[in-house]
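Below is one structure, written out as structure tokens, with a few remarks after it.
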Amino acid sequence: MLVSSSGGHWVQLNRLLPAFEDCEKVFVTTEAKYQDTVGKNKFLLVPDANRWNKLRVIYLALVMLKHILIIRPDVVVSTGAAPGFFALFFGKRLGAKTIWLDSIANVDELSLSGKKVKRYADLWLTQWEHLATPDGPKYEGAVL
């Protein structure tokens, strides 16, 4: 399961696709218009939400939980933001391997979701070398 919000998060997620070339992919994002870009792969929508609208965040969490329960992914990969956090949160609890790659836009510090996801990510990555620490996130390069 490949999860991101729209915009730059989606672009960065798609830059990772060569790593999943031989895998069955399920894309999850907040914009219906992206369905045309995923070919014959499964495509699921979640509502867009952020910390300023608590009810919308709860709705996003419930929709993501539904998707995770139905799909039962082996691996969950996200470039952020809130949809990715909830995907890793629920995916980890159901036994999925989880990978978080914080957005390259977060040059000064990790995103809020990137900070909160630490305990649910099997692989926790930043795209900025100066944000890496011995306890994570790790730096392995940038996708842009």
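Only the coordinates and a few stated rules stand behind these numbers; no lab work does. Just so we're clear, the structure is a prediction, and the values are computed from it rather than from any experiment. Cβ atoms come from the backbone with ideal geometry, glycine included; neighbour counts cover every protein chain shown.
How many times 2.2 N^0.38 Å is the alpha carbon radius of gyration of the chain? Walk me through the numbers before you get to the answer.
Working: Rg = 14.0 Å, N = 144, 2.2 N^0.38 = 14.5 Å.
Rounded to two decimals, the normalised Rg is 0.96.
What dipole magnitude, in Debye to the nearest 20, does the chain give about its Cα centre under +1 on Lys/Arg Cβ and -1 on Asp/Glu Cβ? Let's see the in-between values first.
Details: 18 positive and 14 negative charges, 137 e Å.
I would put it at about 660 debye.
Give the residue from LEU44, LEU123, LEU13 lying farthest towards the positive end of the charge dipole for the chain; charges sit on Cβ (+1 for Lys and Arg, -1 for Asp and Glu) and the dipole is referred to the Cα centre.
Of the options given, the answer is LEU44.
At 222 nm, what value in deg cm²/dmol follows for the chain if DSSP H runs of at least 4 each add -39500 (n - 2.57) and the sum is divided by all its residues, to the nearest 500? Mind dumping the intermediate values first?
On the way: 4 runs with 43 residues, N = 144.
Only helices count here, giving -9000 deg cm²/dmol.
If the cut-off is 18 Å between C-alpha atoms, which lysines fall inside it for LYS42, apart from same-chain ones fewer than 8 positions away?
Here the lysines satisfying the reach criterion relative to LYS42 are LYS25, LYS33, LYS66.
Length gain on complete extension for the stretch ASN14 to ASN50, per 0.36 nm per residue less the alpha carbon to alpha carbon distance?
Full extension of this stretch gives 10.8 nm more.
So which DSSP H runs in the chain come out at 18 Å plus along the axis (Cα) with average Kyte-Doolittle of at least 1.0?
54-71
If you take the beta carbon distance between LEU94 and LYS138 as r and set R0 to 22 Å, what does 1/(1 + (r/R0)^6) give as a FRET efficiency, to the nearest 0.05? The partial results should precede the final answer.
Values: r = 24 Å, r/R0 = 1.10.
Efficiency, rounded to the nearest 0.05: 0.35.
Positive end of the dipole of segment 61-144, charges at C-beta (+1 Lys, Arg; -1 Asp, Glu), about the Cα centre: which of ALA142, ALA132, LEU88 has its Cα farthest in that direction?
LEU88
Could you give the length gained on full extension between LEU62 and HIS130, defined as 0.36 nm per residue of separation minus the Cα-Cα distance, in nm?
Details: separation 68, 0.36 × 68 = 24.48 nm, distance 3.50 nm.
Net length gain for the segment: 21.0 nm.
Suppose every K and R has +1 on its Cβ and every D and E has -1 on its Cβ; what is the size of the dipole of segment 1-58 about the Cα centre, in Debye to the nearest 20? Intermediate values should be presented prior to the final figure.
Values: 8 positive and 6 negative charges, 60 e Å.
My answer is approximately 280 debye.
With the chain treated as a Gaussian network of Cα nodes joined by springs under 10 Å, which of LEU17, LEU44, LEU131 yields the largest mean-square fluctuation?
Residue with maximal mean-square fluctuation among LEU17, LEU44, LEU131: LEU17.
Along the charge dipole of the chain, pointing to its positive end and built from +1/-1 on Cβ of Lys, Arg, Asp and Glu, which listed residue (VAL57, LEU112, THR29) has its Cα farthest out?
VAL57
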